[in-house]
Amino acid sequence: MNQNLRGGDDAVAAAARRLLAAAADHVPCSPVRDLIGSDDVKAAYAVQELLTAHRLTTGARVTGRKIGLTSPAVQAQLGVDQPDFGVLFDDMRVVDGGLVPTGRLLQPKVEAEIAFVLGADLAEGPLDAEQVRGAVAYALPALEIVDSRVAGWDITFGDTVADNGSSGLYVLGAATKTLAEFEPVSAVMTLARGGETVSRGDGAACLGDPLIALAWLARTAREVGDPLRAGQVVLSGALGPMVVAGPGDVFAAEISGLGPVSVRFSASADEGTPV
């Protein structure tokens, strides 16, 4: 199927085919920057758009977006001065406390975030702080399980954007709070693996405020012609360092003002049923 993937640019289509084959064959591939460059934003998102179109043809449904590269330290590491985004699909969601089966992902890592569910479209107007805040129906604690189709996480900005923002799966906690009840920038996060704290952070670690990240995404999504819509989920970006996940690991995060969220990784291929 990947041989039939077509795009307006041969290099963009070739990069999309390489990433699609890695996902289908479950074998990480070489970086795609040899095809599209390390920092060509337009080309990288063109690859992502081809892969999104392919997912839609297979029956997947878009449920929202994820924001990445919200940490200044990570931006400096990749030599960029802006975040990136990827697309969330319905089959990427794992229930709170659910099981991620062995073999579902290639190179998973876990990070804790604040998720927003939109109560209004963000397609018109200034998309400023006031408008974005008013569009949020509620916030939830979340875990993003990032993954990379690129071997060894050997990525540049171009590689991760093309690879749908190095997306994998996501988990939403049960608690919901309106922004009248919860202030994202003031949140404090702890992430534990097997009961041991492995990551800490706060709302300010996400572009200075998770709502700033949301506003950036709203403007960027509109610019590319696919604005954010009511009902969509937005993962606003990591509040602390991401942590490698392995078979049998149990991760639990606590975000002050929101509450807990957790996920389990199966210890073997025949453990349980994915939920």
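The values are calculated or read from the model by the stated rules, or taken from the named source; none is laboratory data. Just so it is clear, the structure is predicted and the values come from calculations on it, not from any experiment. Quick reminder, even Gly has a Cβ in these numbers, built from the backbone with ideal geometry, and neighbours come from all protein chains shown. Each accessible area value is taken on the protein alone, full model and side chains, heavy atoms only, with ligands, DNA and RNA left out. Shrake-Rupley method; radii C 1.70, N 1.55, O 1.52, S 1.80 Å.
Here L122, L127 are screened, and the one residue that is among the aliphatic types (A, V, I, L, M), crowded, with 24+ Cβ neighbours inside 10 Å, farther than 16 Å from P260 by Cα and at pLDDT 95 or above is L122.
Identify the residue in the stretch 50-65 that is without any contact (Cβ under 8 Å) to a residue 12 or more places away in the chain and within 23 Å of V117 (Cα to Cα) and, among all such residues, is most open to solvent (accessible area, probe 1.4 Å).
It comes out as L56.
Scanning the stretch 26-47 for residues that are under 10 Å from G158 (Cα atoms) and in contact with a Ser or Thr (Cβ under 9 Å, 6 or more places away or on another chain), we see that the one that is most open to solvent (accessible area, probe 1.4 Å) is D39.
Reported count of residues in the stretch 132-148, each being open to solvent by 30 Å² or more (accessible area, probe 1.4 Å) and touching a residue at least 24 places away in the same chain (Cβ under 8 Å), is 3. If you go through the stretch 149-198, how many residues are of a type in the set (A, V, I, L, M, F, W, C), in contact with a helix residue (DSSP H, G or I) (Cβ under 9 Å, 6 or more places away or on another chain) and either within 30 Å of L56 (Cα to Cα) or touching a residue at least 40 places away in the same chain (Cβ under 8 Å) (or both)? Number of matching residues: 12.
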